[in-house]
Amino acid sequence: MTAAPTFARLPKAELHLHIEGTFEPELIFKLAQRNNISIPFESVEALRGAYNFADLQSFLYLYYQAMNVLRTEQDFFELAEHYLQKAQADGVVHAEIFFDPQAHTSRGVSFDTVINGLYQAVKNSEKNYGLTSRLIMCFLRDLSEDDAMETMDSATRHLEKIIAVGLDSAEVGNPPSKFKNVFARAMAEGLLTVAHAGEEGPPDYVWEALSDLKVSRIDHGVRSLEDPALVKHLTEHKVPLTVCPLSNVKLRVFDKLTDHNLKQMLDLGIVATVNSDDPAYFGGYVDDNLIQVAEALNLSKAEQIKLAKNSIEASFLTHAEKAAYLARIDAFCQAPT
Ligand code: ADE
Ligand code: ZN
């Protein structure tokens, strides 16, 4: 049986996207030159050629290295501006964007520099492209909770620019429970919560993210399917999973796209969404993810539309905003091709 045609530019939300993971080699070299910083690669091609990862940790090593050239508010603005332009061309109507402040403050770049540059791009894209977006501040889980608390201190001056806190970086050995206090504080400040869990780590980490961090969504969560009780909980409570198929193959969570469990998730009734994670490193933006996974798993037209609708439903938009975007998906699907 031939697969249903995949939709390019289907209106959708992107809910799992690290802004530092959109740092394309061309922009890395441009900013390195502008800021007079040397990088240990001779060319854009040589840098791209190094994008072969054995696992999450081997990717993170290069990811944190590349960030070293980001220094000024203008740099952070351009990084986000590039992503938002690309996202708009991909049919993204709303983006909820992670950033990793500790990866910058640890190098002497101030929290204000990072957030003000990113936020300027967020505001511009709403005005210029009609693409709404929100910022999610992630804590690096391989650092201490005290370090996360200091980051939370810096964030208190900028709470109106942030919708939620998240948890990322090296998962195994750094369970969600380690960050219980700082997440409680973020919630007391009025922020929502999400966390990476069940990417490389066990289903227990997903349970902890739900119970200890009170998350609204699980980022990745692909290993949840190993635990039937967890699957039951996720479906009954409609906890969305922000799944990143190309990332999972590039970081060897699955050997190949045809092995991915996204279709199983949909069959089980889990609110799954498709996202790009770190598109500059993993070989594709959100449409590439959707198109390639739909082909690999033979997803029907209805399943592709379901994924787009799930992304809107799982977002932190208001009911009225969600209704407007859902209507745009319907209009897109009904338009003659
Ligand atoms: N930071 C950037 N990408 C990540 C991923 N896939 N998992 C955990 N932390 C990350
Ligand atoms: Zn991620």
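The values are calculated or read from the model by the stated rules, or taken from the named source; none is laboratory data. Since the model is a prediction, treat every value here as computed from it, not as a measurement. FYI the Cβ positions are ideal-geometry reconstructions off the backbone, even for glycines, and counts take in every protein chain you see. Each accessible area value is taken on the protein alone, full model and side chains, heavy atoms only, with ligands, DNA and RNA left out. Shrake-Rupley method; radii C 1.70, N 1.55, O 1.52, S 1.80 Å.
Among residues of region 223-255 being more than 16 Å from ligand 2 (Cβ to nearest atom) and among the β-branched types (Val, Ile, Thr), the one that is surrounded by the most Cβ atoms within 10 Å (Cβ to Cβ) is 239. Considering (1) touching a residue at least 60 places away in the same chain (Cβ under 8 Å); (2) at negative phi, the lone condition that residue 229 does not fulfil carries the number (1).
Let's see how each residue does on (1) away from ligand 2 (no atom under 16 Å from the Cβ); (2) more than 26 Å from residue 143 (Cβ to Cβ):
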position	(1), (2)
55	no, no
58	no, no
69	yes, no
92	yes, yes
104	yes, no
111	yes, no
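Taken together, 54, 32, 46 contain a single residue that is within 16 Å of ligand 1 (Cβ to nearest atom) and surrounded by fewer than 19 Cβ atoms within 10 Å (Cβ to Cβ), which is 54.
Scanning region 205-222 for residues that are part of a helix (DSSP H, G or I) and either open to solvent by less than 40 Å² (accessible area, probe 1.4 Å) or touching a Pro at 6+ places or on another chain (Cβ under 6 Å) (or both) yields a total of 7. The combined condition, being among the β-branched types (Val, Ile, Thr), within 26 Å of residue 190 (Cα to Cα) and open to solvent by 20 Å² or more (accessible area, probe 1.4 Å), is not fulfilled by residue 258. Listed by position, the strands (runs of 3 or more DSSP E) inside region 95-204 whose residues that are in contact with a helix residue (DSSP H, G or I) (Cβ under 6 Å, 6 or more places away or on another chain) and in contact (Cβ under 8 Å) with a residue 60 or more places away in the chain number at least 1 are 132-140. Pick from 23, 41: which is within 16 Å of ligand 1 (Cβ to nearest atom), at pLDDT 95 or above and not hydroxyl-bearing (Ser, Thr, Tyr)? So the residue among 23, 41 that is within 16 Å of ligand 1 (Cβ to nearest atom), at pLDDT 95 or above and not hydroxyl-bearing (Ser, Thr, Tyr) is 23. Restricting region 57-90 to residues that are of a type in the set (Phe, Trp, Tyr) and surrounded by fewer than 20 Cβ atoms within 10 Å (Cβ to Cβ), the residue that is nearest to the chain's Cα centre (by Cα) is 64. Just wondering, is there one or more residues in region 271-285 that are within 15 Å of ligand 1 (Cβ to nearest atom) and open to solvent by 40 Å² or more (accessible area, probe 1.4 Å)? Checking region 271-285: at least one residue is within 15 Å of ligand 1 (Cβ to nearest atom) and open to solvent by 40 Å² or more (accessible area, probe 1.4 Å). Screening residue 55 on (1) over 30 Å from residue 132 (Cα atoms); (2) touching a Phe, Trp or Tyr at 6+ places or on another chain (Cβ under 9 Å); (3) in contact (Cβ under 8 Å) with a residue 24 or more places away in the chain; (4) not hydroxyl-bearing (Ser, Thr, Tyr) shows it passes everything except condition (2). Does residue 199 qualify as being over 22 Å from residue 290 (Cβ atoms) and charged (D, E, K, R)? No. The residue list 90, 55 contains one member that is farther than 24 Å from residue 324 by Cβ and among the charged types (D, E, K, R), which is 55.
If you go through region 141-195 and keep only what is open to solvent by less than 40 Å² (accessible area, probe 1.4 Å), within 16 Å of ligand 1 (Cβ to nearest atom) and among the aliphatic types (A, V, I, L, M), you end up with 148, 164, 165, 167, 170, 194, 195.
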